[in-house]
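None of the figures in this text is laboratory data; all of them are computed from the coordinates on show. Since the structure is predicted, the reported quantities are computational estimates derived from the model, not experimental observations. Neighbour counts are summed over all protein chains in view; Cβ atoms, including those assigned to glycine, are modelled from backbone coordinates with ideal geometry.
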Amino acid sequence: MYLKALEISGFKSFAKKAALNFTSPISSIVGPNGSGKSNVAEAFRFVLGEQSIKSMRGKRGEDLIFNGGGDGARVNRASVKVIFDNSKRMLNVDFDEVTLERVVHRDNSNEYFVNGSPVRLKDIVELLAGAHIGASGHHIISQGEADRILNANIRERREMIEDALGLKMYQYKKLESQRKLEKTEENMKSVESLRREIAPHLKFLKKQVEKVEKVQELREELRRLYKEYFKREEIYLDRETALISQEKSPLVAELQKLDKEITEARRVLENSKNRDAKSDELIAIESALHNIRTEKDAIMRELGKIEGEISAGQRAIAKEKEKQAKDEFKTVYLKDVEEVAKKIDVLETIAEIKQLLFGFISSHKNKSDSALIGEIEKDLVGHQKRKSEFEKSLGVFDGQEKAKTLEYNQLREKIEREKDSNRDAEKDVFRIIARQNEVRGVLNGIKTREDKLLFEEQAFKRETDEAYVLVGREIMEYKDFVVVNSADGLEQRSAQYDRQKTIEKIKIRIEDSGAGNSLDIMKEYKEVEERDAFLARELSDLETSKLGLHNLIADLDARIDVEFKEGILKINAQFQNYFSLMFGGGTAGLNVIREKRRKKKSDTDLSAVLSGDGEEVVEEEDGDEGIEINVNLPRKKVKGLMMLSGGERALTSIALLFAISQVNPPPFIILDETDAALDEANSRKYGDMIANLSEYSQLILITHNRETMSRAGVLYGVTMGSDGASKLLSIQFEEAVKVAK
């Protein structure tokens, strides 16, 4: 025996603790109507996890708690314990004795315990399902429910028989798998939705990364060109500096010497006794020419500087205008945007808004506006004004120089015509001045080259600073670059200019790329790409899980179908035996059928259109699979359940229930007055069937039938006192026989 005892406390009419010990294969519970004996069957339902309060004759959880009566006070909780002998490990827990307890409180809250430890309802259901026990079903049959299997539809009958055959665990697993499948499909939709959400952003970031990668390629090419360009420029500047210094040094020394000679010549001429007006005029002209040329040299130096600044400004303007020609560098003032926003606020249709926006974009598309260009142009105006002033001054000094040079040459010719020795001093002055002019002319050319070289050195410094920003500090490694086209690294200057143009083009392409902060873009792209890859892996895992669940459900369906149909064959054999025993012959059996569903045909169905009879056209399709019961009473032309009398239906349902129980016997069966409609003769047959059934399952019988009571080893009597509470009395077998007779 598996069922050892049942303890009831505060449940329905059992106000105080009552215990039923099941020491016999058949135990019977008897008592007058209204004493509460059927509450024992409901106590079993309750403790085994029944969730339908209605099936326990209540509306709310508190209806199951003793509510007082007479002198009895109501209680605040109800509890039921059932104790199993688990020595054969009927229940899948490692205890020889297992106690299940359920407690309900007046706030409708429930608690579940296994051997005193709190558990979930789900744990109780799974534990009992493994032992072929449930809160309701074939092993707890209450008064009036014996006929339920006959009244049920074919699908409900199938569910009842599956439960009796022990297929509930498979159904539970199938239900869990279906829930997991639904959850998996929901998760798949969620993951797919997330991937769709990030896909546009990922696509955008990928394009940005491609831009960044292209910019990196351009930077790398720029880095390579810069190294060669800077190395060759350094070689050129060093060579030019050395060459100018080499050419300039002797000329400066000679000019210094000539300055000393002219000074001495002046002194001699001034102190000469033969000095005359021509000598004084010569000294004055020489002094004036010296001052004019000094002023002219200063102006030319300033003019060179201004021309360099003008040239740099013009290049900057050209570069900025080239940028402004591209759409992505267009600038729109905030006040213009605010004005458009005000106009949009009064528009009513999308078409009007679109027209306004497109017009706004079109009006600004060809508009170039740059504050930088304006500032540079302003500076250029100032430089041009100064240049004009210097050029004007230079023209004045050029005129003065020409005039003085003419005077000087005329005076020289006069003096040259005088061939006497008294003019030696003047001749020395003429010679020195002529050589000074030659040296100064060469030095002026060198000075122009120096100014140009200074401008190139400044440009070189600016370019290295810009290169440091564009390609990084490693650009300074250009000093280690080795030129390969000649031993000293010299080449035509035009080649370096071409290289500079290429560098400028690459710089513009980098500026035009609009790639933004490359590190942030690469980091974000990597994060989003990893997120997408994770979601793709998760989706693949979910697909695999979905396929596995489909396969599991298919396997469970196949197993349920096979075991169900095998069980039907076994049930039919037992059903026929019990039916023949009950009715003294006849036939009975179960058939697996598929119900037919009726539905309207489509309006486009040609036969429906052509029929024209005005009747609703329907067609049948296969529905759920279920069970049909066929009976044929002996000595009567009675076929089918609809033609059975009340007693015949009771005998048929009992025969079927007992047949089901024989095929896959549960540990215990509770029969609540299922024999109430039987006469004396059929009661004996019923009693024989009970005796036979007790060899496979432990029986708890709630009955008024003396024949049924006589088969019990233990009788429990239920009475009700003035306080409205049920009480138990027990009688052993020997006493039970006397009571029954």
In Å³ per residue, the alpha-carbon convex hull of region 34-95 encloses 130 Å³
Given Cβ charges of +1 for Lys and Arg and -1 for Asp and Glu, the option among I29, V114, L237 whose Cα lies farthest towards the positive end of the dipole of the chain is I29
When F564, F668 are ranked with the fewest other C-beta atoms within 10 Å first, the list becomes F564, F668
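Around K81, what is the net charge, scoring Lys/Arg as +1 and Asp/Glu as -1 over all other residues with Cβ under 10 Å from its Cβ?
With Lys, Arg at +1 and Asp, Glu at -1, the net is 0.
Rank the residues R635, R224 as a footprinting-exposure proxy: fewest other Cβ atoms within 10 Å of their Cβ go first.
Details: R635 9, R224 12.
Final ranking by Cβ density, sparse to dense: R635, R224.
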Expressed in nanometres to one decimal, the distance between label points 7 Å along Cα→Cβ at L194 and V340 is 3.7 nm
Binned at 5 Å starting from 0, the alpha-carbon pair-distance distribution of region 1-151 in whole percents comes out as 2, 9, 17, 23, 21, 15, 9, 3, 1, 0
In nm, the gap between the two label points placed 7 Å beyond Cα toward Cβ at E97 and E264 is 14.2 nm
Using alpha carbon centers only, region 175-242 is separated from region 89-139 by a whole-angstrom value of 60 Å
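How much length would be gained if the chain were fully extended between D63 and N21, taking 0.36 nm per residue of separation minus their Cα-Cα distance, in nm to one decimal? Each step should come with its number before you reach the end.
Details: separation 42, 0.36 × 42 = 15.12 nm, distance 2.61 nm.
Value of the extension gain: 12.5 nm.
For the pair R449 and T502, what calculated FRET efficiency results from E = 1/(1 + (r/R0)^6), where r is the Cβ-Cβ distance and R0 = 22 Å, to the nearest 0.05? Show your work: numbers first, answer last.
Details: r = 26 Å, r/R0 = 1.19.
Working from the Cβ atoms, E equals 0.25.
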Bridge orientation stat for the chain from DSSP, antiparallel percent rounded to 5, came to 80 percent
Rounded to the nearest whole number, the per residue volume of the convex hull around the C-alpha atoms of the chain in Å³ is 389 Å³
The extension gain from S722 to A434, computed as 0.36 nm times the residue separation minus the Cα-Cα distance, is 88.3 nm
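Based on other C-beta atoms within 10 Å, arrange S87, S13, S311 from fewest to most. Intermediate values should be presented prior to the final figure.
Values: S87 10, S13 22, S311 13.
Lowest count first: S87, S311, S13.
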Gyration tensor (Cα only) of region 61-120 to equivalent ellipsoid, semi-axes in Å sorted down, yields 30, 13, 7
One checks the Cα atoms of region 429-472 and finds Rg and Dmax, in Å, of 18.8, 61
Note: region 510-587 at 4 °C, 1.567 mPa s; Kirkwood Rh on alpha carbon pairs; Stokes-Einstein D in µm²/s works out to 69 µm²/s
Quick calc, the chain, dipole around Cα centre from Cβ unit charges on Lys, Arg (+) and Asp, Glu (-), nearest 20 debye, gives 1120 debye
Descending packing, highest mean Cβ count within 10 Å first, for 96-104, 586-594 is 96-104, 586-594
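Evaluate Rg over Rh across region 153-251, taking Cα atoms for both radii and Kirkwood's formula for Rh. Intermediate values should be presented prior to the final figure.
Values: Rg = 39.1 Å, Rh = 21.8 Å.
Ratio of gyration radius to Kirkwood radius for region 153-251: 1.79.
Mean separation of Cα pairs under 8 Å and 6+ residues apart, divided by the residue count of the chain: what relative contact order is that in percent?
Values: 934 pairs, mean separation 189.2, N = 741.
Once divided by the residue count of the chain, the mean separation gives 26 percent.
Take the Cβ-Cβ distance between A533 and E217 as r, set R0 to 30 Å, and report the resulting FRET efficiency rounded to the nearest 0.05.
Values: r = 25 Å, r/R0 = 0.84.
E(calc), rounded to 0.05, equals 0.75.
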Mean shadow area (nm²) of the C-alpha convex hull around region 166-210 is 3.4 nm²
Distance in nm between E491 and N591 label points, each 7 Å along Cα→Cβ, equals 10.1 nm
For the A5, E176 Cβ pair and Förster radius 30 Å, calculated FRET efficiency rounded to 0.05 is 0.40
Region 379-395 and region 1-75 have their Cα centres apart by a whole-number Å value of 117 Å
